[in-house]
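The values are calculated or read from the model by the stated rules, or taken from the named source; none is laboratory data. Remember, predicted model here, so these are calculated numbers, not experimental data. Cβ sites come from the backbone with ideal geometry, for glycine too, and all protein chains shown count toward neighbours.
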Amino acid sequence: MSLSNEQVGHIARLARIALSDTELDATRAKLNGIFGLIEQMQAVDTTGVEPMSHPQELATRLRADVVTETDRRDAFQQVAPQTEAGLYLVPKVIE
Amino acid sequence: MINASLPELRRALDARQISAVELASLFLDRIDALNPELNAFITVDREGALAAARAADARIAAGSAGPLTGIPLAHKDVFCTEGVLTTCGSKMLSNFVSPYDAHVVSLLKAAGTVSLGKANMDEFAMGSSNESSYYGPARNPWNTQRIPGGSSGGSAAAVAARLAPIATGSDTGGSVRQPAAYCGITGIKPTYGLVSRWGMIAYASSLDQGGAFGASAEDCALLLAAMTGFDERDSTSLERPTEDYAAALAAPAPARPLEGLRIGLPREFFAEGMADDVRAAVEAALSQYRALGATTVEVSLPNARLAIPAYYVIAPAECSSNLSRFDGVRYGHRAADYGDLADMYGKSRAEGFGAEVKRRILVGTYVLSHGYYDAYYLQAQRLRRLIAQDFQAALQHCDLIAGPTTPTTAWALGEMADDPVQMYLSDIYTIAVNLAGLPGLSHPAGFGADGLPVGLQLIGDYFAETRLLNAAHRFQQATDWHARRPGCVA
């Protein structure tokens, strides 16, 4: 398998990572090397093998539907790039 | 005092031969002297350390000290520390002063440990050499032109150079065991689920597990015991009683302390690929294990060769999901100039992440994208089960599995910097253990041709931490590889 520049550009847009045209070629070459490694998986017949998502067979724990956290908005917003009146500021999305 | 074991430090503190403040100052001064060259710490927290040491001294004076009260340590910078810069080795978090403590950090604070600062690491724990750190690589104390290993390279270098007696780490594909091997110290990654991931910045959640570094298995046992325990804030934390790992080690050693222990040697780990000097040290260590009473038996892990390809699907997939939280909105780096929201995301992430992190996010995005999920992600998960089943089959014939931790000793800085795939292959012996979720330990087993340390890896069944630590401890009681120090430790 070999990715095209168009495919790499598409993945980068999905991942929300800006890639310049000059970075595209270098990134594509490295990604193709990695996919070359990954392709070794395809030679194995895994018919009937149950996928393993997790090392332990765990059921999701349930808890009572009650508030357990205290309000620490000020502390958490101190590390935010831009806030105002308790809100996170981003460029205008809806005109 | 800098070479003292944790039990020796405990006795000295309790006997008032040294105060916690004096002990912290001793290590802080070593950090001041040696860190400019070793780059093992990203952040040194002198003020916080001395405050914690004063509190520890008060506790010791009050007679309420625990095993770790007053013991200095380093935290890998993957663990959130309230009020202290927590970068995860990334420009993305280069301005992130955490508003909360990771569960592990809380536990170790409550135990009275004294955090000296935050240890260097590969960016977001993605790397095997520490070279992907935004802060530059930590260096191997045995030879500063060599890599310390990764991703917990700063933690391992700090303990090896005695900038800290012990350190925390995290291990997703070998990130505790591999740097422990390269730096000539002991490191353990416990069974997945024993150490809470809460506040440990996520890379690949089904593989990430906190771990412990020390000069010996005994020191690791004391640290690990204080790090484990159920935490309801981690959905995969296991509800099990905690174990006193050090207690089992305290029993006196009979002449043949490992009598009856069956050690499995996976044929695939002793095949081609292992360097001759690593093989010689590993074989000599295994002879020592036999002299201590253990027997060795050949076992097989036929799917082990698929661990790296499967890992490089599963880990990037989980990473692409986990790292989507870094969007320049709530914390972390935001680009200075941007147009609309999508532009802000794209530029902030392009500027904040380094090359290796971007590569793994892109691989993960691709394998999870529409039309490719079954061929990549599900296939990798099926291989994961085959790999886990191999270990269970092998463990029918033995009590633990042993082999090299790494195929070679530490390589030169820059040697693999431009070849990610070559670097991935260096984790061939450690990655399968994470996929299965088993505990693994690396301990010093001698030196290679170039005077660099060689590690022996022990792998156990789920919850076999005590067995791993005890085997390594008995080995260390009979040998002195773990007591060797690099030149910077006078």
Filtered residues of region A:1-19 (kept if without any contact (Cβ under 8 Å) to a residue 12 or more places away in the chain and not in a helix (DSSP H, G or I)): A:Ala15, A:Arg16, A:Ile17, A:Ala18, A:Leu19
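With the requirement that a residue be within 30 Å of B:Ala161 (Cα to Cα) and either within 14 Å of another protein chain (Cβ to nearest Cβ) or touching a strand residue (DSSP E or B) at 6+ places or on another chain (Cβ under 7 Å) (or both), what does region B:216-242 give you?
The answer is B:Ser216, B:Ala217, B:Asp219, B:Cys220, B:Leu223, B:Leu224, B:Met227, B:Thr228.
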Residue identified as crowded, with 19+ Cβ neighbours inside 10 Å, at pLDDT 95 or above, within 30 Å of B:His103 (Cβ to Cβ) and away from chain A (no Cβ under 14 Å) among B:Tyr331, B:Tyr311, B:Tyr245: B:Tyr245
On the given criteria, is B:Leu386 under 21 Å from B:Gly173 (Cα atoms) and more than 7 Å from every other protein chain (Cβ to nearest Cβ)? no
Looking at (1) more than 14 Å from chain A (Cβ to nearest Cβ); (2) surrounded by fewer than 24 Cβ atoms within 10 Å (Cβ to Cβ); (3) among the aromatic types (Phe, Trp, Tyr), find the lone condition where B:Phe79 falls short. (2)
Residue, farthest from B:Asn322 (Cα to Cα), within region B:196-215, restricted to residues that are within 13 Å of another protein chain (Cβ to nearest Cβ) and in contact with a strand residue (DSSP E or B) (Cβ under 8 Å, 6 or more places away or on another chain): B:Gln209
Only one of B:Ala125, B:Ala110, B:Ala24, B:Ala52 is at pLDDT 95 or above, more than 29 Å from A:Gln77 (Cβ to Cβ) and out of contact with any His (no Cβ under 8 Å at 6 or more places or on another chain). Can you tell me which? B:Ala24
If we keep only residues of region B:353-375 that are assigned to a helix (DSSP H, G or I) and at pLDDT below 95, then the residue nearest to the other protein chains (Cβ to nearest Cβ) is B:Ala375
Find the residue count for region A:20-74, including only residues that are part of a helix (DSSP H, G or I) and over 18 Å from B:Val367 (Cβ atoms). 9
Could you please let me know if B:Glu218 is of a type in the set (D, E, K, R) and at pLDDT 95 or above? yes
Counting only residues that are closer than 30 Å to B:Gly339 by Cα and more than 24 Å from the chain's Cα centre (by Cα), how many does region A:59-91 have? 9
Within region A:28-35, is there a residue that is exposed (fewer than 11 other Cβ atoms within 10 Å of the Cβ), under 30 Å from B:Pro316 (Cα atoms) and facing another protein chain (nearest Cβ under 7 Å)? no
Looking at (1) in a helix (DSSP H, G or I); (2) touching a residue at least 12 places away in the same chain (Cβ under 8 Å), which is the one condition that is false for B:Gly346? (2)
Of the residues in region B:197-234, how many are under 12 Å from B:Glu465 (Cβ atoms), more than 14 Å from the chain's Cα centre (by Cα) and of a type in the set (S, T, N, Q)? 1
Quick one: in region A:43-56, which of the residues that are within 14 Å of B:Gln381 (Cβ to Cβ) and not hydroxyl-bearing (Ser, Thr, Tyr) is farthest from the other protein chains (Cβ to nearest Cβ)? A:Gly48
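More than 7 Å from every other protein chain (Cβ to nearest Cβ), buried (at least 24 other Cβ atoms within 10 Å of the Cβ) and of a type in the set (Ser, Thr, Tyr): which single residue out of B:Ser348, B:Ser324 fits that description?
Details: B:Ser324 fails: buried (at least 24 other Cβ atoms within 10 Å of the Cβ).
Result: B:Ser348 is the single residue among B:Ser348, B:Ser324 that is more than 7 Å from every other protein chain (Cβ to nearest Cβ), buried (at least 24 other Cβ atoms within 10 Å of the Cβ) and of a type in the set (Ser, Thr, Tyr).
B:Arg474 - would you say it is basic (Lys, Arg), more than 17 Å from B:Asp171 (Cα to Cα) and surrounded by fewer than 21 Cβ atoms within 10 Å (Cβ to Cβ)?
Criteria not met by B:Arg474.
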Kindly indicate whether B:Tyr338 is outside any loop (DSSP other than H, G, I, E, B) and among the aromatic types (Phe, Trp, Tyr). no
Going through (1) surrounded by fewer than 23 Cβ atoms within 10 Å (Cβ to Cβ); (2) farther than 23 Å from B:Tyr203 by Cβ; (3) in contact (Cβ under 8 Å) with a residue 12 or more places away in the chain one by one, B:Pro404 fails only at (1)
